[in-house]
1. Cβ-Cβ below 6 Å, separation at least six or inter-chain, first residue in region 92-115 and assigned to a strand (DSSP E or B), second aromatic (F, W, Y): which pairs?
2. Scan region 13-45 for residues that are outside any loop (DSSP other than H, G, I, E, B), at pLDDT 70 or above and either over 14 Å from the mean Cα position of the chain (by Cα) or among the small types (G, A, S) (or both) and jot them down.
3. Can you work out which of the residues in region 49-78 that are aliphatic (A, V, I, L, M) and modelled with pLDDT under 90 is farthest from F98 (Cα to Cα)?
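The values are calculated or read from the model by the stated rules, or taken from the named source; none is laboratory data. These numbers were taken from a predicted model, which means no experiment stands behind them. A quick note on method: Cβ atoms are made from the backbone with ideal geometry, for glycine too, and the neighbour counts reach across all protein chains shown.
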Amino acid sequence: MQSVFSQTFFHGTKADLKLGELVTTGMNSNYGQRKQAEYVYLTATLDAAIWGAELAYGEERQRIYLVEPMGQVEDDPDLTDKKFPGNPTLSYRSKHPFKVVGEITIWQGHAPEQVKAMKHGLAKLSEQGIEG
């Protein structure tokens, strides 16, 4: 029997998205060298989405959206294989778009010193030629 419940996914960003809008590949990435993204990224944990919003490129307001995948998703190998084996962050990627179905408007970010430390760590990786 099919469940009426579905997995909730989040997308942290600084992009101003509207309900019903599709997040697709081909846009400039929010991270690293800001290359054209081959995948769209989502997570099933609010904490990982908060990191996504806090670390996204730009000065715009940090946002966390509830999103619905429009196709198959897979574990994000940049996190699950390299940093967190077993995918405890429940981080995923897809070549298929996902639809914005809501926005989380009340959430608490990480402490400023945590964000600064994470950005410093990502900058060091970038200097070594490793995308964070």
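1. Close Cβ pairs (under 6 Å, with a partner that is aromatic (F, W, Y)) amount to R93/Y39; R93/Y41; V100/Y65; E103/Y65.
2. L22
3. Looking only at region 49-78, we keep the residues that are aliphatic (A, V, I, L, M), and these are 49-50, 53, 55-56, 64, 66-67, 70, 73.
Imposing the further condition that a residue be modelled with pLDDT under 90 reduces the set to 55-56.
Details: L55: 20, A56: 18 Å.
Taking the candidates together, the pick is L55.
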